[in-house]
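Working notes for the structure below.
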Amino acid sequence: MAMDKTNATGQFAEVPIERIEYKPSERWRIWRNILVIGAAFMVNFTAFMGATNLQSSINADQSLGTFTLASIYGSLIFSNIFLPTLIISLLGCKWTISLCILTYVPFMAAQFYPKFYTMIPAGLLLGIGAGPLWCAKCTYLTVAAEAFSTLSDVTADVLVTRFFGVFFMFYQMAQVWGNLISSAVLSYAMDEVPANVTVLNSSVVAEACGANFCGATSGGAESPAIERPPEERIHLISSIYLVCMIVASLIVAFGVDSLSRYNRGRSGSGTGLSGIKLLAVTLKLLKEKSQLLILPIIIFIGAEQAFLFADYNASFVSCAWGISNIGYVMICFGITNAVAALGAGSLMKLTGRKPLMIFAFCLHMGILVFLLQWKPTPNQTATFFLMSGLWGICDSMWLVQVNALSGILFPGKEEAAFSNFRLWESTGSVITYAYSPYLCTHMKIYVLMGILCLGMVGYGLIEWTGKTDRAVPASKPDFELVTNSDPNDTTKL
């Protein structure tokens, strides 16, 4: 007996298989793969998020940090257009994840010598690897959920949301560990700020920071609170983060099963294609009305994350309270994001998607209105944490629900759907990072509010037309568990 399987050239090859029946223990094996992937992303993004949150502050000279982040998401746009289906067809999901994690390493190495000619190329390489990385992860989770649905009485769309919720719990916990590392290193044995400086800051930052912050022209940049930390501490943080990225790649390489175990009888959007045809699959999806309607909310996800990591940290936390406190505030964001992501799957089953999306819209809009009015001072510590915590809840809702919706709307085209998701999420991020050095914070908040409203209109039209109901298959897919004749063959997927 044989199965069709793509070889290194993207063409079909016959591989002998042994057909066996699902056993109850297979559910635990699927869960193990989901948990291991989540753990690997948590370790990798412990490093990346910890470094990203500091970029707009520690590399503020000539906006180097912000422009580096823009280069990351700019190359990610290119990557999402040209690379995911090609790389996945050649390497498979498992090895795409493992090897693409290593493209994050040069970015961290560049922190030891942060110049435009080191940081920008490293950021471009990271973005190139991030596109296939995220697309492969999304495809793995979606196919695993479809396979799991044949073993349970839970539908595939609910399982997709649940798996994404568990994954994003791990992913957002990276905010906790990454920022705990950075804050612990930066604040250890730190000299006390003189009392007269604190009083001065309290009287000045209420007008110079927050929504009124306009970068170096605001006056807040002259505060001792946002001076670059000592070089040896930045190097120590970067060394820790560098090790994390290498370990994350090894976790996937040795701990995750080949996806070919679960994709029997399924043709992904890139299967068997190569070259320009793979690119066409991704771009062709843009002709779908549902894909066009969901684009604004995807763009908003990228924009709101970029605003939080760059502008909230610089305009509110760093300007008014100090660089060493950025990590602690982002830990709060990570915890609430992780908890909300974990609960999103269960809430989805109880309430459906629409109430969760409406709740996220109202809460996020309320946060943005408050930020326009808030005048932060160093003694308002609780408010810094409250805003980041509520933002974490919203971000979790957007990530889990919209990721899952992308997979549900385009069954059998998951690679292309998730490639488009990362493409337009990256577009929102790169635009936000690009204009960040030139606009005052209150203008950036108004832009976010406009994109959010437009995104909810598009989402509402998708629900109104019933696309999500028709996208969910009435019966479970006919999946079979397959194993290669060679049990050690994990070179694909």
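Readers should treat all values here as calculations from the given coordinates under stated rules, not as data from a laboratory. Being a predicted model, the structure only gives us computed values, none of them experimental. Every residue, glycine as well, gets a Cβ built from its backbone with ideal geometry; the counts of neighbours run over all protein chains shown.
Tell me which trypsin sites (Lys or Arg not before Pro) from region 115-181 have a DSSP coil assignment and no more than 11 other beta carbons within 10 Å of their own.
Here the sparse-neighbourhood loop sites are LYS115.
Starting at the first residue of region 25-37, write each ³J(HN,Hα) from the Karplus equation 6.51 cos²θ - 1.76 cosθ + 1.60 with θ = phi - 60°, in whole Hz, x for Gly and Pro.
Computed from phi, the couplings for region 25-37 are 5, 5, 4, 5, 5, 4, 4, 4, 4, 4, 5, 5, 4 Hz.
For region 332-399, what does the alpha-carbon gyration tensor say about shape, rounded, prolate or oblate, given a ≥ b ≥ c as the root eigenvalues, a/c under 1.5 as rounded, and a/b over b/c as prolate?
In terms of gyration-tensor shape, oblate.
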